[in-house]
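Trainee: Pasting a structure below so you can have a look.
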Ligand SMILES: CC(C)(COP(=O)(O)OP(=O)(O)OC[C@H]1O[C@@H](n2cnc3c(N)ncnc32)[C@H](O)[C@@H]1OP(=O)(O)O)[C@@H](O)C(=O)NCCC(=O)NCCS
């Protein structure tokens with residue numbers, strides 16, 4: 001690396017893990033008034049993975065992290081910072097970062113928890129990228145993980161949400177680029193609009209309630225996540241393309257320069273609308289929601305790992321990431337692989 005060059009952040013390892021139990025649309029038909037046809041037509045989802053009892057988000061995160069560490073071929077003791085993104089932590093507090101740190105037997109490194117829901121991976125990537133470019137850390141484990149299935153309403157009341165979400169984890173190892181060859185994270189772009197917080201949220205538990213846990217809230221199902229699906233759909237289709245355009249503009253690039261688009265796997269219809277909005281050919285859009293459902297923060301790193309390991313993303317390719325979700329928050333990143 002040249003002396004005064006600001007290093008770029010490169011991904012030196014990827015990994016993902018999903019729990020072994022597959023839940024098909026037919027399995028869900030037995031629990032609620034829904035159909036395989038409705039789910040596939042509205043979301044593109046055929047199946048998702050659910051944890052079995054006793055497995056927490058940090059457990060999935062640890063498995064994905066081990067795979068990313070092995071892929072990078074590094075000694076875990078050399079990881080000097082950890083960033084963990086989830087909306088479904090094992091506990092209300094502390095976050096999953098410290099649990100992952102302990103389970104992986106890492107040193108007493110810093111463990112940052114990111115709470116930006118579906119945008120969590122890109123928000124976390126942005127934070128990690130700043131640390132690497134500033135020279136603060138040299139090897140960061142970034143992991144995003146979710147266990148949604150233990151707190152979804154599988155009755156008819158919750159069918160709009162519970163058919164969409166799945167459990168899983170994805171991880172990357174981030175390091176400074178050893179040479180100025182144009183590879184790495186080109187830029188990240190983060191946005192929010194909290195006026196829509198209640199359009200996609202888990203209202204309870206809330207620190208506003210004293211006591212926080214009250215029996216009527218359980219009866220009313222207010223501990224389950226809720227969403228105004230139409231509004232989420234419309235905003236997601238608008239905000240993700242906007243954020244990608246912001247990234248292209250910042251880097252003096254056009255959509256034709258992009259080799260792969262990895263949208264947050266919220267819903268395949270949304271991914272198709274994002275592609276249409278950006279005028280990018282569908283063949284360039286990486287999609288795996290059919291097998292995993294929406295795994296929130298984990299969806300982008302899971303898709304990334306599959307695409308890299310499957311040989312679809314190659315060295316030198318330009319990869320655009322974009323996400324939208326609860327907050328609302330949305331984000332994009334451009335990475336020269
Ligand atoms: C949830 C979503 C698939 C619903 O699709 P939609 O075309 O908007 O459907 P609607 O909400 O208008 O619901 C249509 C009907 O299907 C019903 N329905 C909802 N969930 C259902 C299910 N799982 N099975 C069968 N019917 C269902 C609704 O009750 C409604 O019935 P009604 O007309 O009798 O009231 C869609 O709004 C969406 O994708 N939103 C974004 C979701 C998302 O990605 N969230 C995560 C963001 S990160």
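Where a number appears in this text, it was derived from the coordinates with a stated rule and is not lab data. Here the structure is a predicted model, which is why all the values come from computation and not from measurement. Don't worry about glycine lacking a Cβ; one is built from the backbone with ideal geometry, like all the others, and counts go over all protein chains shown.
Trainee: For the range 139-245, report the convex hull volume of the alpha-carbon atoms normalised per residue, in Å³, without decimals.
Mentor: Per residue, the Cα convex hull of the range 139-245 comes to 160 Å³.
Trainee: Please check: in the Gaussian network model of the chain (C-alpha springs, under 10 Å), which one of 141, 321, 253 has the largest mean-square fluctuation.
Mentor: Residue with maximal mean-square fluctuation among 141, 321, 253: 253.
Trainee: Order these by the 10 Å Cβ neighbour count, fewest first: 99, 304, 31.
Mentor: Ordered from fewest to most neighbouring Cβ atoms within 10 Å, 99, 304, 31 come out as 31, 99, 304.
Trainee: OK, next. Using just the C-alpha positions of the chain as equal point scatterers, what log10 of I(q)/I(0) does the Debye formula give at each q in 0.06, 0.10, 0.11, 0.15 1/Å?
Mentor: Summing over Cα pairs of the chain leads to -0.19, -0.55, -0.67, -1.26.
Trainee: Evaluate the Debye formula for the range 194-337 with equal point scatterers sitting on the alpha carbons, no solvent, and hand back log10 of I(q)/I(0) at q = 0.12 Å⁻¹, in q order, two decimals.
Mentor: Here log10 of I(q) over I(0) equals -0.54.
Trainee: Can I ask one more? Specify the angular offset, from 0 to 90 degrees and rounded to the nearest 10, of the alpha carbon long axis of helix 299-309 from the longest principal axis of the alpha carbons in the chain.
Mentor: The two axes meet at around 50 degrees.
Trainee: In degrees between 0 and 90, to the nearest 10, how far off the longest principal axis of the chain does helix 268-278 point, with axes built from Cα atoms?
Mentor: Between the helix axis and the principal axis of the chain, the angle is about 40 degrees.
Trainee: Something else now. What residue among 277, 105, 252 has the largest mean-square fluctuation in a Gaussian network model of the chain, using Cα springs under 10 Å?
Mentor: Sorting by GNM fluctuation, first place goes to 252.
Trainee: Roughly what angle does helix 120-133 make with the longest principal axis of the chain, taking Cα atoms, 0 to 90 degrees, to the nearest 10?
Mentor: For helix 120-133, the angle is close to 20 degrees.
Trainee: Right, here's the next one. For the residues 192, 65, what sequence is obtained by ranking on other C-beta atoms within 10 Å, fewest first?
Mentor: Sorted ascending by nearby Cβ count, the order is 192, 65.
Trainee: At what distance in angstrom do the alpha carbon centres of the range 69-119 and the range 194-258 lie from each other?
Mentor: Using only Cα atoms to place each centre, the spacing works out to 23 Å.
Trainee: Cα atoms only: what Rg and Dmax, in Å, come out for the range 235-303?
Mentor: 11.7, 35
Trainee: Which semi-axis lengths, in whole Å and largest first, follow from the square roots of five times the eigenvalues of the Cα gyration tensor of the range 25-120?
Mentor: Semi-axes, largest first: 33, 15, 13 Å.
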